Amino acid sequence: MTLLASFAHEDTAVGAAAALREKGVEDFELFSPIPLHHADAAVGLGKSPVRVFTLAGALLGAVGGFALCVWTATRFLLPTAGRPIIALPPYLLITYETTILLGVLATLLGFFVVGRLPAWKDRAYRPASNVDRFVIAVAGASAGQAEEILRASGAESIERENAS
Amino acid sequence: MSSVLRKQMFDHGPPSYAEVNRDVINALTTTTWRYWLTLGISASVALLFFIAPWIYQIIVGVGAAGMNRNAMWGTYLSNFIFWIGLSHSGTLLSAVLHITQSDWRKSIYRSAEAMTLFSLMTAALFVMVHVGRLWFVHWTFPVPNPMELWPNFRSPLMFDVMAILTYLTASSVFIYMGSLPDFAAVRDASKGLRRRIYAVLCFGWRGTAQEWHTLGWSYTFFAVLVIPLAVSVHSIVSWDFAMSTVPGLHQTIFAPYFVCGAIYSGTAGIVTVMWMLRRYMGFGRYIGKLHIDNLSKLLLVLSLIWTYINICELFTAWYADTSFENEAILYRIWEGPFWWLWWEMIAFCAFVPLLLFSRRIRQNWNLMLVISIVINIGMLTERFVIVASSLPRKFLPDVFGTYFPSLVEISITVGSFAVFTTLFLLFVKIFPAVSIYEVKETLAPLRKREASA
Amino acid sequence: MSKITDTLRQYRADGYFAEFDYHWTMAIDLDQCTGCGACVVACQAENNLPIVGEKRMRQGREMKWLRVERYWEGDYPDARLSFIPILCQQCDKAPCEIACPVFATYHNQDGLNAQVYNRCIGTRTCAVYCPYEVRFFNWFTYTWDEPLEQQLNPDVTVREKGVMEKCTFCVQRINRAKDLARDEGRRVADGEVQPACAQSCPTDAIVFGDRNDTDSAVSRKMRDPRAYEVLKELNTAPSVVYLKNAREPLHAADGGGHHDGANAQAAEPRAAAAEPRMVEAESAVT
């Protein structure tokens, strides 16, 4: 069973989330139509682990890009224009591009992993939360306790939904 | 940004959250016969003026174009640079304004990024139009092959391939990730097939705090990665020229010159696109005086930098007084067949934008449309003049020649604008052209006031 | 370990080759050149160059790997004419070679600037980068009318549309001579191999040979005080050397002229400033 409480304003919703956490209810999700930067603490979010992906991707891109240049140039030795086979300035330019390329792709991967997307299955959700409502969904055992807290924090309406 | 400024973003008063959703999604889903007519016309022009002459050129050879022994590069290359340049403002501006937390970006950035994406695609098409043997163009990609023959990473053209590939990837990811929550909004507001398509497109986005948090972080990283990328892309494109020995192309100043020119023409392009969105998509409520004023100020600054670099180029050439350089410059601005194009470019890109010192002109949408188009005509000719006035006269006077574009080239140049327009018209019916959630984000503090009042 | 560092050092060495197997070089004595154009014709016949016809000639699309440039000084009848045959200079630091994204042009072990036709994708960047303008692009697929196709050289390929081509120093002749020499276990002797232009020159103005051999005819020519390289200041290290006596300007007073003289001097540095005419049509005659 899932409890879905809807709020008209972001501040009341964030307040409710903070109240829930205070009372020891941590198994809830806050849906909002806009990013709520000041809500991060209330729902227990710090620095995102996405940055690890970005760093790892960029480093891999840097090493990989340079390695690609060196490796391909030494497969088939074709000297050009009096330049060395392993010429640093051009290869560093390629390295620069691949650093960014893999940095972007790794960040994308990080987004999917950390954000737990894509998820095309049915989950608790209220479409209004993508228009102008802020929704808190509390799942499982703590729902009974949560109802009072949410009502006290100023929820407009509270619905129950049986998990399919 | 203070709430006063926030209010200025909306000429007709701030809309409510629900109104934002309704307005933007309506523009996406309601399609009039006018739209189909425009799409039809622009697709036919693209087919007739771009695709058809291109096929003809593939069959007979690049000789269908006007290039010759003296000018091995022509309008195809100058157009390639123009389109790459046009792509420079969208993603770059969006990223810079995101990092500096400029809220006025939020209602225009989606379309600006789309402009980046589609002008990059058009530019990539020009590479394919340009090369002699299109059917082997995949050899420029580092693909494993039984010959063990790889591309030459020491070539300026390979820098180009890698830079454009990266830029295309990064811009696509950037615009798509920024649109995810809006795809979800479209999904929620529609039924049937459209709902199912957008359910897939939005990856099952629900807008949980975790998702917003991750998107925010990822998006900032994308922005941070895209800024140095965009600067590198046009520098690298300029090095296609600057790394040759040709007088008039072999210029150390070309990288900053091209980057500045690219952002300049891109910003003018954004103004044009914004005018269209206001006029034909009904986004007048979201794109207002503040936007056009800011964009125009940016245009003014860029035009001054652009003029400064032009003066530098002429001044250093004149003061150093080396014969090859002198001759190349003199041919470009006075003696060559395209001297008038050079002066047109100076008039359009250096003098016309001076009008933007006046606030009344800056905030006049129709005038700004004219000015932005004039600037881009100037930038198109700038690239053409650089190519067409340098290449036919390099070092040995015996092989001096001239270059005039052929009908095929002119037709493909005209057609490329139709290709871009077609792609953009498709975009406005697939992507919400104004970012729903970010406009709502700027409205949040205003909403708070009303709630507390 | 030392093998790895040696390999690495070699990969980091400028131009990779410490020394070329042969360093093919051409010396052209301009004081002996009469501008007859036999070399141009010989090149056309040897290398299967297409005859493009008048219309394409006017468009500036002729295919001539070797051309005789003409520079006039003064006005008729008080005029002087000088010739300079320009062909691919086989630069050791060739600007064209850095340009190619697919390695269709590279430097081979003989110091030649090799062009791989079936690798070329036709970006034409090499031709733009070439300061001598000796690279030619196949704007169309050219054909030979009956019975002209009978005279095509079987040792040389014909090129399709979209491909860049240029002088190879008649690499087919060089390779045949090298094969022969290898079979007999010796090096190619001086004078054993001659490109078509050198072979056909009636005044022996063109001398071809290996620069590594200090006694070869071409090495001796290179030591001549008259020797100079065209556009040397661009640091291209060309393998074609020109020999020319310095001359007094025709009219020292009005030297210079409209084009500043600089461009003409580049082609002929010790000659007087020459007034370049639009010589496109005239090249057609040569």
If A:Val138 satisfies every condition in (1) crowded, with 20+ Cβ neighbours inside 10 Å; (2) at pLDDT 80 or above; (3) assigned to a helix (DSSP H, G or I) but one, which is the exception? (3)
Among the residues of the stretch C:92-141, which ones are more than 7 Å from every other protein chain (Cβ to nearest Cβ), surrounded by 24 or more Cβ atoms within 10 Å (Cβ to Cβ) and over 18 Å from B:Met72 (Cβ atoms)? C:Gly111
What about B:Phe221, is it on the phi < 0 side of the Ramachandran plot and facing chain A (nearest Cβ under 9 Å)? yes
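Taking the condition assigned to a loop (DSSP other than H, G, I, E, B), touching a helix residue (DSSP H, G or I) at 6+ places or on another chain (Cβ under 7 Å), more than 14 Å from chain C (Cβ to nearest Cβ) and farther than 30 Å from B:Ile51 by Cα, does B:Val434 pass?
Values: assigned to a loop (DSSP other than H, G, I, E, B): yes; touching a helix residue (DSSP H, G or I) at 6+ places or on another chain (Cβ under 7 Å): yes; more than 14 Å from chain C (Cβ to nearest Cβ): yes; farther than 30 Å from B:Ile51 by Cα: yes.
So B:Val434 passes the test.
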All but one of (1) exposed (fewer than 13 other Cβ atoms within 10 Å of the Cβ); (2) free of Cβ contacts under 8 Å to residues at least 24 places away in the same chain; (3) under 30 Å from A:Ile85 (Cβ atoms) hold for C:Lys55, so report the exception by its number. (3)
Exactly one of B:Leu165, B:Leu125 is more than 30 Å from A:Gly115 (Cα to Cα) and more than 12 Å from chain C (Cβ to nearest Cβ), and that one is B:Leu125
Those residues of the stretch C:90-115 which are over 28 Å from B:Val137 (Cα atoms) and under 15 Å from the mean Cα position of the chain (by Cα) amount to C:Gly111
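Hey, among B:Gly132, B:Gly178, B:Gly204, which residue is more than 14 Å from chain C (Cβ to nearest Cβ), part of a loop (DSSP other than H, G, I, E, B) and surrounded by 17 or more Cβ atoms within 10 Å (Cβ to Cβ)?
Numbers: B:Gly132 fails: more than 14 Å from chain C (Cβ to nearest Cβ); B:Gly178 fails: part of a loop (DSSP other than H, G, I, E, B).
Checking each option against the conditions leaves just B:Gly204.
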Report yes if A:Gly103 is more than 8 Å from every other protein chain (Cβ to nearest Cβ), surrounded by 22 or more Cβ atoms within 10 Å (Cβ to Cβ) and either of a type outside the set (Ser, Thr, Tyr) or assigned to a helix (DSSP H, G or I) (or both), otherwise no. no
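I'm trying to understand the selection: among the residues of the stretch B:127-160, which are of a type in the set (Val, Ile, Thr) and under 30 Å from B:Val428 (Cβ atoms)?
Across the stretch B:127-160, the qualifying residues are B:Val127, B:Val129.
Conditions tested, residue by residue: (1) in a loop (DSSP other than H, G, I, E, B); (2) touching a Gly at 6+ places or on another chain (Cβ under 8 Å).
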site	(1), (2)
B:Gly40	no, no
B:Leu48	no, yes
B:Trp73	yes, no
B:Ala95	no, no
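Let me confirm something: among B:Ala209, B:Ala199, B:Ala189, B:Ala170, which residue is touching a helix residue (DSSP H, G or I) at 6+ places or on another chain (Cβ under 7 Å) and either modelled with pLDDT of 90 or more or closer than 27 Å to B:Ser119 by Cα (or both)? So that I can check it myself, show each step before the final result.
Numbers: B:Ala209 fails: either modelled with pLDDT of 90 or more or closer than 27 Å to B:Ser119 by Cα (or both); B:Ala199 fails: either modelled with pLDDT of 90 or more or closer than 27 Å to B:Ser119 by Cα (or both); B:Ala189 fails: either modelled with pLDDT of 90 or more or closer than 27 Å to B:Ser119 by Cα (or both).
That would be B:Ala170, the only listed residue that is touching a helix residue (DSSP H, G or I) at 6+ places or on another chain (Cβ under 7 Å) and either modelled with pLDDT of 90 or more or closer than 27 Å to B:Ser119 by Cα (or both).
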Look through A:Gly44, A:Gly24 and report the one residue that is modelled with pLDDT under 90 and out of contact with any helix residue (DSSP H, G or I) (no Cβ under 7 Å at 6 or more places or on another chain). A:Gly24
Name the one entry in C:Tyr11, C:Tyr76, C:Tyr71 that is away from chain B (no Cβ under 13 Å) and hydroxyl-bearing (Ser, Thr, Tyr). C:Tyr76
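Would you call B:Ser244 of a type in the set (Ser, Thr, Tyr) and within 28 Å of B:Thr421 (Cα to Cα)?
On the way: of a type in the set (Ser, Thr, Tyr): yes; within 28 Å of B:Thr421 (Cα to Cα): no.
So B:Ser244 fails the test.
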Scan the stretch C:144-165 and tell me whether some residue there is over 30 Å from B:Ala65 (Cα atoms), without any contact (Cβ under 8 Å) to a residue 60 or more places away in the chain, more than 8 Å from every other protein chain (Cβ to nearest Cβ) and of a type in the set (S, T, N, Q). yes
Reported set for the stretch B:261-290 where residues are more than 11 Å from B:Ser111 (Cβ to Cβ) and buried (at least 24 other Cβ atoms within 10 Å of the Cβ) is B:Gly261, B:Ala262, B:Ile263, B:Tyr264, B:Ser265, B:Gly266, B:Thr267, B:Ala268, B:Val271
Go over the candidates B:Arg332, B:Arg360 one by one and state the one that is farther than 21 Å from B:Tyr264 by Cβ, part of a helix (DSSP H, G or I), away from chain C (no Cβ under 14 Å) and more than 24 Å from the chain's Cα centre (by Cα). B:Arg360
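Suppose we keep only residues that are assigned to a loop (DSSP other than H, G, I, E, B) and among the basic types (Lys, Arg) within the stretch A:1-58. Which one would you say is nearest to the other protein chains (Cβ to nearest Cβ)? Spell out the reasoning first.
From the stretch A:1-58, those assigned to a loop (DSSP other than H, G, I, E, B) are A:1, A:8-9, A:23-27, A:32-36, A:40-49; that's our starting set.
Then keep just the ones that are among the basic types (Lys, Arg); that gives A:23, A:47.
Values: A:Lys23: 18, A:Lys47: 8 Å.
For the stretch A:1-58, the residue satisfying everything is A:Lys47.
Would you pick out the residues in the stretch C:159-211 that are of a type in the set (S, T, N, Q), out of contact with any helix residue (DSSP H, G or I) (no Cβ under 8 Å at 6 or more places or on another chain), closer than 18 Å to C:Ala45 by Cβ and in a loop (DSSP other than H, G, I, E, B)?
Filtering the stretch C:159-211 down to residues of a type in the set (S, T, N, Q) leaves C:168, C:172, C:175, C:194, C:199-200, C:203.
Filter once more, so that each one left must be out of contact with any helix residue (DSSP H, G or I) (no Cβ under 8 Å at 6 or more places or on another chain): C:168, C:172, C:175, C:203.
Keeping just the survivors that are closer than 18 Å to C:Ala45 by Cβ gives C:168, C:172.
C:Thr168, the sole residue that qualifies.
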Could you check how many residues of the stretch C:1-25 are in contact with a Ser or Thr (Cβ under 6 Å, 6 or more places away or on another chain) and exposed (fewer than 14 other Cβ atoms within 10 Å of the Cβ)? 0
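The values are calculated or read from the model by the stated rules, or taken from the named source; none is laboratory data. Given the structure is predicted, the values throughout are model-derived calculations rather than measurements. Note: ideal-geometry Cβ built from the backbone for every residue, glycine included; neighbour counts use all protein chains shown.
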